[in-house]
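Below: one structure, written as C-alpha cells.
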Ligand code: ADP
Ligand code: MG
C-alpha cells in the first residue's frame, strides 16, 4: 500500500513506494518528526526541523526535499539586473574536483551576475558574537548559525528563545550585504550544503530568493551542460567583498575561532556541541542550568561540511582539511567587513510550541503490556523501533507517532504464534481435504449405485413375485422345492441390497420431527436389538436438552447399522455403550464397543459402499455407506476413533454421530 505523501508544504517528503520501513529515519530524527502509519514512515511537517538527517540516512532514497532548481532557473532567466549567488564557506569540501575560478566561471555562465562568499557574512556575525561576549550581560547565550537548531528551540524549547544570541545567520547577513551593495532589486540565491536553509529562507522573504543545495547546483550545471573542463582554472575568483576567518565557519568550532573565542575546558565559559545526538542534551542541560556556560555553540550536523545537501564522496577529515587549506591560502586578503558595520544582523525567532503531551505512567504501562512487556526485564530497550527505549516507543505510540508493530521482539513473538497457528490450520486443511475426497468418491458411487439400483428394482420385483408364486404352487416335498426356496431367499437378499443402495443414494426424503432423542434411543433403537447374552448393553444419558429435529425412521436405520457392526465386532462378547450428549446447537450420539477395532488403513474406506471385511454373504458393505448418507442429509457428521492394537490398551471402536439440533432444510 502506498501511503499518502507528506503535505506538499513540507520541505522534506516521503516517497511512499520507496520506503522499506527500516526505521533508520525514525532513529536518526532528532525531533521525532516521523510517524509510522500504514507501514510507511511519513514526515510530520509541523514537527520537522528540516535538518535533513532522514534524507542522508535513507538508503532507499525514500526521503526527498523540495527541488529549487526550476525556481532558480526562472530567476536566472528573469530580467533582474543583478542575480547574485552567495556561496556557503563549505564549498571547497564539495567542489574539490575543480578549481575555485572554474566554479565561479560556471556560476557566471549559468546566468549569475555576481558570485560572492557567505564567509563574508560569517565575518560580520563573528564580530557581533565577539562584541556580545565581551559585553557579557551574564545569563549565558546560545550561539548558532544552524537553522535546524533555531527551529528545534522554537518548537521544542520555546522558553529558550530568549537565550538565543540575537544575531542572524551568515546567509542572511551576506544577503543583506549583497542587497546593500548591488541594489534592493537584486535576486539572491544561497548555495550551500544545508536543506534547513530552505526553511530559514521563508523567514526572510525580502532577503533571499532561492536556496540551492550543492547537490542541486551540480544538477543545474548538468541540466545546462556545464563542466569545469570548459573553463580555465586561472580566471577571476569570487566577487568582493572578500572574507576573513569566516571561511572556517563550516567546521565544528569554526564560529568560535572566527570570533576569537576559545572553547575553554577549565572554565567552561565557552562550550561547543555538534551532531544530531549532541545538541539536544546540551540545550536541555543549558535550560536546567546544569550546563553553566557563557556561550554554548551548537550545530546540528558535525559541521556544515557534513550537511545533507552535500555529496558524501570524501571523508569528514578530508573535507575539513580542504576548507581549512582554502582559508589558509586566502586569509592573506584582509576582510572588508569593517565597511559593512551598518548592516543589520537582527534575526527572526518565533515560538512555535509543538511538544507532544506527556502520557501518564498508567497509560505507558498499558501500551507496554499490549506489546507483551509486563515486567521490567521485558523492556529490552533494543532500539530496533527507532526509539531509545521501550518507554519512549510507548510514549510515541500514545502520541500517534508510532505503531506497536515497530517493536521487533514483539513482532517476532507474534510471528512465532502465527506460525504455530498456521501449522494447526494446515493439519485441519489436510483433514478437510481428505474428507472432501472421500465425500466426492461417495457421491459418484452413490450416483452409479442409484442408477443400477433403479434399473434392477423392477425386474427383481418380478423375479421375487414369480418365484414366490412358483414356491407356493409346488409341494414342500417336491424335488424342486428347496431350490425354489433358495431362489426366493436370495432374491429377497438382493431386494435388501437394492433398497440399501437406494437409501445410500439419498433417494428417500428426510421427514424431520421434534424428537426426545434419549427416549427414542432407548425405546425404539435399543429395545429391538437382538444381541447375544455375552454382550452387555448400556445406555448413558448425559444430555441437558433431549429434543432435536431428526427423521426417526432414518435414524433407526443409522443406529441399527452401528449397533449391528459393534455386536459383530465382538464375537467373544464385551461391553456396548450407547450414549447421548448435547450442546445448545448440537446433539451427539455415541456407539462404543470393545471389539477388534478398525486398522488405520481401513479407516478411510469403511464408508465406501461395498467395503466389507466380513465373509461373503454376511456383510454387504452398505451399512456405513447408508449411515453416512443419512447423517449427511441431517447436515451432521460422523467421527470415528478406534484401537486395534491390544498393546495400546483396550481394543474397540467409538462412532459419534453429531447432528444440528435444529433441522436445516435443503
Ligand atoms: P458390513 O457391516 O456389511 O461389512 P459396513 O458398511 O457396516 O458393512 O461396515 C464396513 C466395514 O467397516 C466392516 O466390514 C468392518 O470392517 C468395519 N467396521 C464397521 N464397524 C465396525 C466396528 N464397530 N468394529 C470394527 N470394524 C467395524
Ligand atoms: Mg454393517
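Values in this text are rule-based calculations from the coordinates and carry no lab data. Computed from a prediction, not measured in an experiment: that's the story for all the values here. Every residue, glycine as well, gets a Cβ built from its backbone with ideal geometry; the counts of neighbours run over all protein chains shown.
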- DSSP-defined antiparallel bridges as percent of all bridges, the chain, nearest 5: 50 percent
- Task: Using the number of other C-beta atoms within 10 angstrom as an exposure proxy, rank 648, 114 with the fewest first.
- Result: 648, 114
- Prolate/oblate/rounded call for the stretch 1-65, Cα gyration tensor, a/c under 1.5 rounded: rounded
- Note on the structure: Taking Cα pairs closer than 8 Å and at least 6 residues apart, the relative contact order of the stretch 422-506 in percent is 41 percent
- May I ask for the angle, rounded to the nearest 10°, between helix 481-504 and the longest principal axis of the chain, with both axes built from Cα atoms and the value confined to 0 to 90°? 20 degrees
- Least to most buried among 611, 214, 249, by other C-beta atoms within 10 Å and fewest first, runs 611, 214, 249
- Mean separation of Cα contacts under 8 Å, 6 or more apart, over the residue count of the stretch 600-649: relative contact order %: 23 percent
- Taking a ≥ b ≥ c as the square roots of the eigenvalues of the Cα gyration tensor of the stretch 67-338, is the shape rounded (a/c under 1.5), prolate (a/b larger than b/c) or oblate? prolate
- Query: By how many degrees, 0 to 90 and rounded to 10, does the Cα axis of helix 361-370 deviate from the longest principal axis of the chain?
  - Reply: 50 degrees
- Using a Förster distance of 45 Å, how high is the FRET efficiency between residue 509 and residue 413, based on the Cβ-Cβ distance and rounded to 0.05? 0.25
- Computed over the chain, the relative contact order (Cα-Cα under 8 Å, seq sep at least six) in percent reads 11 percent
- Query: Got a sec? How would 19, 194, 25, 48 order by Cβ neighbour count within 10 Å, fewest to most?
  - Reply: 19, 48, 25, 194
- Query: What nm distance separates the two modelled labels at residue 206 and residue 476, each placed 7 Å from Cα along Cα→Cβ?
  - Reply: 13.6 nm
- Message: As I understand it, the value is the acute angle between the Cα axis of helix 214-223 and the longest principal axis of the Cα atoms of the chain; what does it come to in degrees, rounded to 10?
- Response: 90 degrees
